[in-house]
Amino acid sequence: MTLRQALERYGVALAVVLGLVVALIVLPGNTTTGTTQVGQAGAAPGSGRSVSPGAPTGSAGGALGATGGGPAGSGAGPLASGGGGSAGTGGVGTAAGPTGAAPAAPGGAAVTWGVGPHCRPDGRQIGVSYAMPPCVQWNSKDNGGATGTGVSRSKIVVVRYIPQIDPGTRAILQSAQLSDPPATVARAYQALTRYGNLHYETYGRQVVMVDFNASGPVTSDENSRADAIAIAGNIKPFAVIDGDPAQGAPLTFVRELAVRNIPCFCSTSYPSDIYTSMPPIVFSPLPTLTEYAQNSAEYVCKHLAGHNVEYAGLGVSGPRKFGLVYVTGQNEVAFPEDEEAKPLAEKYFGQCGIHFAKEIGYSYDPGRNPTDVTNLIAQLKAAGVTTVVPFWDPLYPILITQEATRQAFFPEWIITGTGLSDTTTAGRLYDQQQWQHAFGTSPLWITWATVSKSAGYREYHWARPQDAPGSEGVLINIYRSRIAELFTAVQMAGPDLDQATLSAGAFAYPRTGGTPARPLLYRTRQYPTAIKDFSEVFYNVNASGPDERGDNGKGMITRADGGKRYQIGQWYTGPPHVFGSAPAPVTVTDDPPGGGDWPTDSNPGSYPASQACLDCS
């Protein structure tokens, strides 16, 4: 079977792979209240400068997340209890930079946090998303001019890197409504960038996007390396951002940028040690692969280990026997970030004595011989596996679950959150006889039932009110994700902007969220991606409703306990709260427990088309 034939045969499945591979990785936009405290003076990594902002104050209440510290080595400050609504002070995560210095909240004497002309009642910058950074009073109108590479007195140059997508694949994605034409994607980025320039504090500078088209496929290290070198040498930008989530930037490209001190808002869930091997200028909202392994292992150890099978299908019974399935790369090209799933799973599941009866790695390649999938299921079945722990891509679960049913093998499937297996969109594509036995953990959150209430939709139409509904594109909330990360870090960096203060600003973003519709967000050097908590999920094959794109259908990812979220070390002990025993199950809603998005568009003012940024003259 050729790749093109596979595209034609598995069009919808592959559309999920390419069109939703970073689905839902937005800095979440659901809340009604929440305040923070930014503090701690220190040195930005590698900068040699002292940075010390003021601190916003206020009632922490229930919006600031769960009690307890961050992961080991986080250095995170104390946080008010998320459940009781009591007052308290937030803290900021700190992390060692390349020189050993600890990034702290930047800004300097020119900036005062928690007050200013664009401040919401909760102490955040005016904007649609609850996760807006703390508002700021910029006391001096002199931003220092050309403070860093790609930075001038009036502009911040950011490259929008556009990976290659085969035209046939693009057509299939669009026909399945899982991608947008390039012109729509470009328009969405332009609109969201305008929204960012006029809602976040950029200190008199306009963020300007410069497009750069990839010279080769993501599997080509040579092309990826050449692209990074060309961007660094010819454009000399301040940062690089994913330009089309239908195909993310490869690790080789990200590494080449990092060694040239160019921040990249373009990674997705690398293992923790890959992030720490690079300077702290590589960002992603979703957790690291290490955290996926830690959470799923803690969940299994506390709820399933040492007990008989309870949620499998016909023919699978007795004491649980675990099997591991993991992706190793693409088209026979090994990706080190994928291959680490095996040692990570062995390490963390082994902490409670779980040793996998069978471990099977596979390379993502829809054109390969289907006997590979046949052999995978046959090996799991022959080893007596009752419970499968997968760290996989979005396509192969479709083929694997179909083959499992063909071989009359109905194990428990542990949702680890990888490969979109924790989404309704992907779950509906899997064999439903298999996926009715799926449950586990997810870093995602309760999403909206009506897409027009989402942050990306509202931000786009604020910037382009003349456009009709639908013009924003089907993946508008994915396009928004990187742009929100970028502008948040720029605001937190303060007016003295360079790559070092941007890093300090990203790590100084205060702990935010921790309730069902608001993941707990902060960064540490060990775990430099944003989301730090997970919820318990299961697939309800009989439930109906809209998926993450708003398409109605049957089968829904469901969250237990009203969507309650857990940090590493906080999972409860005892039988899992899934399927018929799940208390307060919830799927999607426009009124989630604890509140939804900021209730109004919070327009800070009307601006003429010539207005370049919030404080641009």
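The values are calculated or read from the model by the stated rules, or taken from the named source; none is laboratory data. All of these numbers come straight from a predicted model, not from anything done at the bench. Cβ coordinates were reconstructed from backbone atoms using ideal geometry, including for glycine residues, and neighbour counts include every protein chain displayed. In case anyone asks, the SASA skips ligands and DNA or RNA and just uses the protein heavy atoms, side chains included. Shrake-Rupley method; radii C 1.70, N 1.55, O 1.52, S 1.80 Å.
Report the extension gain between Gln407 and Ala183 in nm, rounded to one decimal, defined as 0.36 nm multiplied by the number of residues separating them, less their alpha carbon distance.
Once the chain is fully extended between Gln407 and Ala183, it gains 76.1 nm.
Have a look at region 317-441 and give its Rg and Dmax from the Cα atoms, expressed in angstrom.
Cα only, region 317-441: 13.5, 38 Å (Rg, Dmax).
Between Ser154 and Asp211, what FRET efficiency follows from the Cβ-Cβ distance if R0 is 22 Å, with the result rounded to 0.05? Working shown, then result.
Numbers: r = 20 Å, r/R0 = 0.92.
Step by step, r from the Cβ atoms, then E = 0.65.
Compute the FRET efficiency between Gln164 and Ser471 as 1/(1 + (r/R0)^6), taking r as their Cβ-Cβ distance and R0 = 25 Å, and round to the nearest 0.05.
It comes to 0.50.
For Lys236, list the lysines whose Cα falls under 28 Å from its own Cα; do not include residues on the same chain fewer than 8 positions away.
Reachable lysines: Lys141, Lys155.
Along the Cα→Cβ direction, 7 angstrom out, place labels at Ser617 and Gln432. What is the inter-label distance in nm?
6.4
Counting Lys +1, Arg +1, Asp -1, Glu -1, what net charge surrounds Asp590 among other residues with beta carbon under 12 Å of its beta carbon?
On the way: positive: Lys453; negative: Asp591, Asp597.
Summing Lys and Arg as +1 and Asp and Glu as -1 gives -1.
Say a paramagnetic label sat at a point 7 Å from the Cα of Thr600, along Cα to Cβ; which residues of region 119-134 have their backbone N under 11 Å from it?
Label zone hits: 121.
Grab the beta carbon distance between Lys302 and Asp273, set R0 = 30 Å, and tell me the FRET efficiency rounded to 0.05. Show your work: numbers first, answer last.
Numbers: r = 25 Å, r/R0 = 0.84.
Plugging the Cβ-Cβ distance into 1/(1 + (r/R0)^6) gives 0.75.
So how much slack lies between Lys554 and Ala609, counting 0.36 nm per residue of separation and subtracting their Cα-Cα distance, in nm?
Working: separation 55, 0.36 × 55 = 19.80 nm, distance 4.45 nm.
Value of the extension gain: 15.4 nm.
Once the whole set of protein chains is in place, how much accessible area is left on Asp498, using a 1.4 Å probe, in Å² to the nearest 10?
Spelled out: Asp498, probe radius 1.4 Å, area about 20 Å².
Could you tell me whether region 473-617 comes out rounded, prolate or oblate from its Cα gyration tensor? Rule is a ≥ b ≥ c as square roots of the eigenvalues, rounded for a/c under 1.5, then prolate if a/b exceeds b/c, otherwise oblate.
Oblate.
Please give the solvent-accessible surface of Cys119 in Å², to the nearest 10, using a probe radius of 1.4 Å with every protein chain present.
Per-residue accessible area (Cys119): approximately 40 Å².
What is the spin-label model distance, in nm, from Ala382 to Ser452 if the labels are put 7 Å beyond Cα along the C-beta direction?
Rounded to a tenth, the inter-label distance reads 5.7 nm.
Please give the charge dipole size of region 494-615, origin at the Cα centre, charges +1 on K and R Cβ atoms and -1 on D and E Cβ atoms. Round to the nearest 20 debye. The partial results should precede the final answer.
Working: 10 positive and 13 negative charges, 106 e Å.
So the magnitude is around 520 debye.
If you project the alpha carbons of region 447-520 onto the principal axes, what extent comes out on each, in Å, largest first?
Over region 447-520, Cα extents along the principal axes are 40, 31, 16 Å.
Run down the lysines and flag those whose C-alpha is under 21 Å from the C-alpha of Lys321, throwing out any fewer than 8 positions away in its chain.
Within the straight-line cut-off, Lys321 pairs with Lys302, Lys342, Lys347, Lys358, Lys381.
When all protein chains stay in place, what accessible area (Å², nearest 10, 1.4 Å probe) is found for His307?
It works out to around 100 Å².
Taking each pair of distinct Cα atoms in region 247-294 once, what is the resulting Kirkwood hydrodynamic radius in Å? Before the final figure, lay out the partial values.
Working: mean 1/r = 0.0925 Å⁻¹.
So the Kirkwood estimate lands at 10.8 Å.
So for region 250-399, taking the charge dipole from beta-carbon charges (+1 Lys/Arg, -1 Asp/Glu), which of Val373, Pro397, Gly353 sits furthest toward the positive end?
Ranked along the dipole, the leading option is Gly353.
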